[in-house]
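One structure is given here, and the rest of the page talks about it.
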Amino acid sequence: MTCPREQEVIHAVRSGQWAEGLRAHFAECEACSETAMVAGFMLQAAETAETAAPEAGFVWWKSQLRARREAAVRAEKPIIVAERAVAVAALLVGVWAAAWFSSESPALAVAAVGGLILAGLTAGSALLYAWSRK
Ligand SMILES: [Zn+2]
């Protein structure tokens, strides 16, 4: 359903100036009321799009920030893997030392304490190094 006065209605919506005859026609014509609604929506959307467009410098800054964050996440991945490996190694050493402590030889127990201290120092310093990199 079209109306020959639709172009006049679109012009009136854009300019905000309604001729008296057009206003009377608009009140009774279904096609023109739909046209006015769509034209008003399109006009509002165009104005919103214009005001919502951010400045180029802001977009550039945001993209730089995002690139830096993504690079930091990529750089942290091997550190996280190393942390977990050290934690697993420390746990294995602990289990191994506990098994060794439970054996009857005192010389082996002394060696186990030394090995445990050495392993603990190594794991601790590796963890400190990994955490200090964050
Ligand atoms: Zn009409």
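Quick notes on this one:
- For segment 19-32, a residue qualifies if it is over 20 Å from residue 45 (Cα atoms) and buried (at least 17 other Cβ atoms within 10 Å of the Cβ), and the qualifying residues are 22, 26, 29.
- Only one of the numbered conditions (1) within 16 Å of the ligand (Cβ to nearest atom); (2) part of a helix (DSSP H, G or I); (3) aliphatic (A, V, I, L, M) is not met by residue 90, and that is (1).
- Annotation: residue 102 fulfils all but one of (1) loosely packed, with under 10 Cβ neighbours inside 10 Å; (2) outside the structural domain of residue 125 (by TED's automatic domain parsing); the unmet one is (2).
- For segment 8-22, the set of residues classified as in a helix (DSSP H, G or I) and either near the ligand (Cβ under 8 Å from one of its atoms) or touching a helix residue (DSSP H, G or I) at 6+ places or on another chain (Cβ under 8 Å) (or both) consists of 8, 9, 10, 12, 13, 14, 22, listed by residue number.
- Residue 70 loosely packed, with under 11 Cβ neighbours inside 10 Å and assigned to a helix (DSSP H, G or I): yes
- Residues being within 25 Å of residue 3 (Cα to Cα) and assigned to a helix (DSSP H, G or I) are entirely absent from segment 102-110.
- Members of segment 26-55 found to be within 13 Å of residue 11 (Cβ to Cβ) and more than 16 Å from the ligand (Cβ to nearest atom), listed by number: 43
The values are calculated or read from the model by the stated rules, or taken from the named source; none is laboratory data. It should be emphasised that the depicted structure is a prediction, and the values quoted were computed from it without experimental measurement. Note: ideal-geometry Cβ built from the backbone for every residue, glycine included; neighbour counts use all protein chains shown.
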